[in-house]
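Beneath this line is the structure, given in structure tokens, with notes to follow.
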Amino acid sequence: MDKTMYDVIGIGIGPYNLGLSALLDQTDEVNGIFFEKTPEFHWHPGMLIEKMDLQVPFLADLATFADPKSPYTFMNYLYEHNRMFPFFFHQHFKIPRQEYNHYMQWVAEQLDGLYFSHSVIDVIDRKDAPEPHYEVIVEETMTGERKHFLAKHIVMGTGSEPLVLDEMKGFPNEDVVHTSRYLFEKKNLLKAKNITVVGSGQSALEVFLDLLEEQERQDMHLTLLTRSGGLFQLDQAKFAQEFFTPEYVDYFHSLSYEQRENTLDTLGALRNGIDPETLTRLYTSLYHKTAAMKDSQVLIQPMTEVTGIEGIEDGYELTCRQWQEEVNYKYKTDKVVLATGYKPQLQDWFMDRYKEKIEWEDDKSYRVTRDYQLVFNDDRSHHFFTLTNLTHSHGAGATNLGLSVHRNIHIINTIAGKEIYKNQEDTSFQTFSMKGFS
């Protein structure tokens with residue numbers, strides 16, 4: 001056992017915990033180590049499609065909102081890689097997904113205390129020890145060796161996992177592909193005569209557009225089936241974007257659980273909209289493909305829910321329902337790409353150890369404080385922070401990369417018991433709450 005008592009141990013190394021590690025690296029006030037089961041850092045490797053950009057500006061990197069002078073900002077990455085002038089002349093506020101992934105890999109290579117190929121298999125609550133803490137048991141994935149570490153606090157950043165309905169499971173990976181594996185199966189997909197993409201969000205459109213731009217044979221037919229009422233764009237208006245400010249997070253968190261759930265339903269254009277540039281590229285591509293009355297070999301069908309997949313002799317048959325007209329039908333295809341999203345990834349040890357020790361807002365949503373602590377049934381000074389499954393408690397910005405730095409500021413300052421990094425205030429022109437007004 002490593003007898004060192006760390007201030008914090010992070011579980012999972014995605015963008016959120018990587019950003020936390022980068023901020024901790026620049027202060028002596030809080031120390032920590034982080035564990036990740038995969039062998040190296042990769043951010044959605046199956047969706048690093050060329051020419052696709054982030055949906056947030058480059059300032060939403062790992063450190064800028066907390067410390068613009070940090071060596072781990074995206075601007076410093078450009079400087080160190082001799083890309084300042086190309087980026088300057090590019091005049092684009094958003095950056096390619098591939099470059100963002102490479103930027104984060106560059107940061108990860110410089111940080112100490114990141115342990116890849118190490119899977120956390122248990123976290124024991126030592127609340128009765130003279131100094132209450134957590135004991136973290138880690139297994140090295142290559143050797144199976146188990147190690148024990150101690151920490152005053154935990155930050156759980158286990159992220160999400162692909163969401164696939166039970167009715168769509170059990171088929172060959174090369175035939176029925178979740179978008180998380182799209183690039184790994186792309187070459188095989190392009191051999192098919194009929195490919196159907198199921199989904200209505202940004203990932204669905206990126207995959208569909210990529211397939212469309214690589215459509216080389218006239219007999220290759222592409223279909224997009226979306227449950228939403230249409231291909232609606234992301235609301236990027238200035239005042240709409242203020243729903244991703246710390247002020248709005250404060251307001252949202254202060255609401256009751258029922259009010260928060262109802263509020264999320266009203267923010268669909270902010271949460272589920274498609275980037276306008278992606279939609280423009282898709283429309284332009286379709287327009288050129290149909291010039292001179294040519295057939296684009298494309299079907300886009302909104303208001304259509306896919307409820308099942310059945311293997312048939314020469315491909316697959318989808319069970320579909322046009323929900324507005326209430327029409328049920330079958331649709332044949334060779335390959336299926338499921339852009340059905342993701343769900344929070346909660347480890348078995350977490351549910352076994354802590355399900356009965358923490359408070360829940362419903363059977364799937366645990367109660368979380370404003371500074372991202374799980375709410376335990378007892379008072380404690382050793383905290384368990386979470387970066388996973390926060391939409392119900394902190395709103396649409398829970399998965400926003402820019403607000404992730406704000407979240408890490410909260411966590412570091414709470415652990416340190418003082419302000420290490422400045423918390424941005426008065427960042428919104430709108431006032432959301434009327435509490436305190438006479």
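In the set D128, D112, D122, only one residue is surrounded by fewer than 15 Cβ atoms within 10 Å (Cβ to Cβ), among the charged types (D, E, K, R), assigned by TED's automatic domain parsing to the domain that holds N17 and in contact (Cβ under 8 Å) with a residue 40 or more places away in the chain; that residue is D112. In a residue-by-residue description of the stretch 281-293, the property of being exposed (fewer than 14 other Cβ atoms within 10 Å of the Cβ), outside any helix (DSSP H, G or I) and touching an Asp or Glu at 6+ places or on another chain (Cβ under 7 Å) applies to no position.
Against the condition acidic (D, E), in contact (Cβ under 8 Å) with a residue 24 or more places away in the chain and either in contact with a helix residue (DSSP H, G or I) (Cβ under 8 Å, 6 or more places away or on another chain) or exposed (fewer than 13 other Cβ atoms within 10 Å of the Cβ) (or both), how does D348 come out, does it pass? The answer is no for D348.
Report yes if V298 is surrounded by 14 or more Cβ atoms within 10 Å (Cβ to Cβ), touching a Cys at 6+ places or on another chain (Cβ under 8 Å) and of a type outside the set (D, E, K, R), otherwise no. No. State which residue is farthest from the chain's Cα centre (by Cα) when the search covers only the stretch 108-167 and only residues that are modelled with pLDDT under 95 and assigned to a helix (DSSP H, G or I). Among residues in the stretch 108-167 that are modelled with pLDDT under 95 and assigned to a helix (DSSP H, G or I), the one farthest from the chain's Cα centre (by Cα) is E167. Of all the listed residues (K3, K51, K94, K37), the sole one being on the phi > 0 side of the Ramachandran plot, touching a residue at least 24 places away in the same chain (Cβ under 8 Å) and assigned to a loop (DSSP other than H, G, I, E, B) is K51. Would it be correct to say that E317 is acidic (D, E), touching a strand residue (DSSP E or B) at 6+ places or on another chain (Cβ under 6 Å), outside any loop (DSSP other than H, G, I, E, B) and in the same structural domain as L209 (by TED's automatic domain parsing)? Judged against the criteria, E317 is a match. Evaluate the following for P15: is it loosely packed, with under 15 Cβ neighbours inside 10 Å, out of contact with any strand residue (DSSP E or B) (no Cβ under 7 Å at 6 or more places or on another chain) and closer than 22 Å to H406 by Cβ? Against the criterion (loosely packed, with under 15 Cβ neighbours inside 10 Å, out of contact with any strand residue (DSSP E or B) (no Cβ under 7 Å at 6 or more places or on another chain) and closer than 22 Å to H406 by Cβ), P15 does not qualify. In summary, helices (runs of 4 or more DSSP H) completely within the stretch 205-269 and bearing 3 or more residues that are in contact (Cβ under 8 Å) with a residue 40 or more places away in the chain occur at 246-254, 257-266.
Output the number of the condition that G19 fails; it satisfies all remaining conditions of (1) at pLDDT 95 or above; (2) in a loop (DSSP other than H, G, I, E, B); (3) out of contact with any Gly (no Cβ under 7 Å at 6 or more places or on another chain). (2) is the only condition that G19 fails.
The values are calculated or read from the model by the stated rules, or taken from the named source; none is laboratory data. None of the values given here were measured: they were computed from a predicted structure. Glycine also receives a Cβ, built like all others from the backbone with ideal geometry; neighbour counts cover every protein chain displayed.
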